[in-house]
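Working notes for the structure below.
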Amino acid sequence: MKLNPSIKYHSIIGISLGAWSFLFSILTRPFEHGEMDFSRWMEVSVGFSLIAFLSYVIVSWFQKIVFQKLTKWSILFEIGVYLFFYTIYTLATYYYYRSPIITGFYDFQEFFTKIILNIVVIFTPLIVIARYYTLKLIPKEVEEITIKGENKLDILKIKKDELICISNSQNYVEIFFLENDVLRTKLIRSSLKKIQHEFDFLIQVHRSHLINPSHFKSWKDSTTILLTQVELPVSKNYKNRLLAL
C-alpha cells in the first residue's frame, strides 16, 4: 500500500475537513440540543471545525515520521491513522464541549453516540477519497542510468526515459538519446552485448541495434520500425519479441 507523506497535501485535507464540518453544522446543526442559542452554536461549530483541522495535521506529522522510519506503508498503518485521528478529535472536542466556553451537558457516552458517531459517518468518506487522491500527486521518481565504456572518459549519465536506442559501430557503440527534446548521439568504446547485459530493459531488434521499448512508435513496414526521431531495421530473429510489445 502506498502513502503520500506530504504535509502540504494533508494540510489541505485538514482544511477541507474543517470547512466541511463547519458547513455541515450550519446546514443541519447536529450539535443543537435545544438549549443553545445561535452564538453558542456558532462557537461549537467553529471550535469543532478548528479541532478537526488541527487533529488531522497532527496525524499527518505522525504518519510522516512513521513512514520515513519504516519506508513502507500497510493497511494496518492506514487503519491506525483513522483511529488516531478520531481518538484525538473525540477527546479534544469533548473537552471543548464540556469547557466553560460551551458548558455542554452530555456525558462522554452520550457525546460519543449522539455526536462523534455521526461525525465519523460524515468525515470518513471524505478522508478516504482525499487520501486516495493524494497518491496520484506523488511525484514520479526520475531514474538515471550511467553507461560506461572501456576508457575512463567514456561515460554518459542520462535519464532512463531519455535513452532511445544503442547501435553497434565497429569497436564502439553509438548511443542515441534526447537532451531537451533534441536528438543527441555519443560514441563509447564498448560492445552491444555488454550494454545489453548491464541494462536488461533494452530489447534487441537487430544484431546491431538495441532499443528502449518506451520509445517505440510504430512499424514503418515489415522490416523497419520508427522510434522517437530514429528509424531502425528489424531482423527476423528478433521480430517476434517486438511484435509482443
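The values are calculated or read from the model by the stated rules, or taken from the named source; none is laboratory data. Quick caveat: nothing in here was measured; it's all calculated off a predicted structure. When we count neighbours, we look across all protein chains shown, and the Cβ atoms used for this are built from the backbone with ideal geometry, even at glycine.
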Problem set entry | Residues satisfying the stated conditions in the stretch 136-172, i.e. under 24 Å from the mean Cα position of the chain (by Cα) and either modelled with pLDDT of 95 or more or surrounded by 12 or more Cβ atoms within 10 Å (Cβ to Cβ) (or both) | Ile138, Ile145, Ile158, Lys159, Lys160, Asp161, Glu162
Problem set entry | The lone exception for Ile127 - which of (1) at pLDDT 95 or above; (2) over 30 Å from His10 (Cα atoms) it fails | (2)
For this session: Could you pull out the residue among Ser214, Ser191, Ser222, Ser218 that is within 17 Å of Gly149 (Cα to Cα), of a type outside the set (D, E, K, R) and surrounded by fewer than 18 Cβ atoms within 10 Å (Cβ to Cβ)?
Result: Ser191
Exercise. Of the residues Tyr94, Tyr106, which is modelled with pLDDT of 95 or more, over 25 Å from Leu3 (Cα atoms) and surrounded by 15 or more Cβ atoms within 10 Å (Cβ to Cβ)?
Worked result: Tyr94
Exercise. Can you tell which of Ile15, Ile26 is surrounded by 12 or more Cβ atoms within 10 Å (Cβ to Cβ), part of a helix (DSSP H, G or I) and free of Cβ contacts under 8 Å to residues at least 40 places away in the same chain?
Worked result: Ile15
